[in-house]
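Computed from the coordinates by the stated procedures, all read-outs in this text should not be read as laboratory data. All values derive from a computational prediction rather than experimental measurement. So basically every Cβ, Gly included, is an ideal-geometry build from the backbone, and we count neighbours across all protein chains shown.
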Amino acid sequence: MEKGQKCQLLIDDMSNEGQGIGRADGMAVFVKGAVPGDTVIAEITKVKKNYAFAVAAEIVEASPFRIEAECSYANQCGGCTYSGVSYEGQLQIKEKQVREKLIRLGGVEEPKLNPIVGMDKPYAYRNKVQMPISTGGIITRKGGIIENLGECAIGFYKAKSHEVVNCGQCLLQSPPAEAIAKALRDFMKSDNITAYDPKWEKGLMRHLVVKTAMGTGEVMAVLVINGKGIPNSAKLVELMDNAIYELPVREDGVQYNLESVVININKGKSSEIMGKECLTIAGKPTILEQVGDMQFEISPLAFYQVNPVQMKVLYDKVLKYAKLKGDEQILDLYCGVGTIGLYCANEMRKKLGGKGEGKVLGIESVKGAVIDANRNAVINGLVNAQFLCGRAEEELPKVLKGYTDKDGFQVKPFKPNIIILDPPRAGCAPELLEAAAAVQPDKIVYVSCDPATLARDVKILGEMGYRFVEGTPVDMFPWTRHVESINLLQKKNS
């Protein structure tokens, strides 16, 4: 196989980058512009030792999953990897990816995997958006002064680039996100506010982050800036408030309201979207979300699941796997702001005639998230949940014995019989898995956002005495390559 060669391929899979995958001469070929089910004439563009890259020069037979992208930015924005694949096709691809990773990387011969849980309406589901702000690189230096000569672009990066696509409408975002982005564009143009240029490390506006509490309608706008403040910020707040006020009432009766405007300071060269310092310039420092009979405060830096509809599906599946009676001792690792742990604590409170004495202990390394988690426990009146700050592998040995910290805060001895793991895409640290397995809980409920790292960790836990029992993929991110899954592991001798 060589560059420029053409060959006919049947596409049977899809890569994380949205390329169709076919096979020729014993090699995997990643084909741009192809989707699973296509038969294509592929033109080879690059050849490696064990695989090759190609473009679809001709569609010989179109896949039944192939569709015309609904989004007008599909060929520019790098966000929706599956924009050319029907939703039914997306679900099949994602379920297959979880299954095959468990078999190939996890060593699970015949994994029991339930059908993937999709959405009835896979649109406008995101309650959080992070949009870079740019002027398309058209910033020049004259006499030492930075001038903004281009139209302000607020949107998303092109695939594999830092060029911002100015998206006026995104099918995945909430209406408040689009309304606030438009208000910010108008403000930057009228008041000649510069966007940050990473080349010169000059310019003010870096990112716009919008959080929408779907259950209550409360909206937070976070303006990430390379400076200490925004000139004429009162005007900007008024523009954003008017934009939200003009949005129609939702079909379910929820009215959106701008409740919080926050400046986040992130100066100079930084790969992080947000800095550590937040200043509330209008309204409250947090917004309140309602999920079922529970409430959660959301702060500017807090992690919170971006799809509230599927979040409830996911958490209900956690409860199903945990089979709570009300007296369990649950250890929630990588707990974030404690939503899963609090969901379990609330369920245990309902058991045993409302006298469930079970407890949730969460451990998280991010201090701000721990503060949010404990505050959310208070908001929901959950005295059976407690959250600690630290590295789980370091805190676990102390937690088992009980201790008093430097501030006199007492942690009683805790022996969990259920451990919940909800790590980032990188999966669990090996030392954390070792520490968790050493506790010997009856069950481990693993919430994964990456099938490959899930499979790797399932294999490691298998070597430590835990067998994979069952899993359920949940489509938290329609039109993108990402998929979550909830997985139950159990001690082999139980």
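Which net charge results for the neighbourhood of G217, defined as the other residues with beta-carbon distances under 11 angstrom from its beta-carbon, given Lys and Arg at +1 and Asp and Glu at -1? It would help to have the intermediate numbers written out before the result.
Working: positive: R250; negative: E218, D252, E259, E289.
The answer is -3.
Take every Cα-Cα pair in segment 128-291 and report what % of them are more than 25 Å apart. Intermediate values should be presented prior to the final figure.
On the way: 3760 of 13366 pairs.
That fraction is 28 percent.
Amide H contacts for K202 (H built 1.01 Å from N in the peptide plane; partners 5 or more residues away or on another chain; cut-off under 5 Å): D197.
Take the cross-link list K359/K406; K48/K202; K355/K415; K6/K121 and give me the ones stretching past 29 Å between alpha-carbons. Going by Cα-Cα distance, K48/K202; K6/K121 fall outside the 29 Å limit. Over 30 Å apart at the Cα level, from the set K199/K284; K158/K367; K284/K398; K284/K320; K351/K401; K112/K211, are K199/K284; K158/K367; K284/K398; K284/K320; K112/K211.
In what sequence do C7, C449 fall when counting other Cβ within 10 Å, fewest first? Provide the component values of the computation, followed by the final result.
Details: C7 16, C449 19.
Least to most surrounded, the residues fall as C7, C449.
Can you give the calculated 222 nm mean residue ellipticity of the chain, where each DSSP H run of n ≥ 4 adds -39,500 (n - 2.57) and the sum is split over every residue, rounded to the nearest 500 deg cm²/dmol?
Values: 9 runs with 124 residues, N = 494.
For the chain, the value works out to -8000 deg cm²/dmol.
Scaled to the globular estimate 2.2 N^0.38 Å, the Cα spread of segment 1-66, given as radius of gyration, is 0.96.
Within the shell of other residues whose beta carbon sits under 15 angstrom from the beta carbon of G402, the net charge comes to +3, with Lys and Arg scored +1 and Asp and Glu -1.
Around L10, what is the net charge, scoring Lys/Arg as +1 and Asp/Glu as -1 over all other residues with Cβ under 12 Å from its Cβ? Working shown, then result.
Details: positive: R23; negative: D12, D13, D38, E61.
Taking every Cβ under 12 Å from that of L10, the sum is -3.
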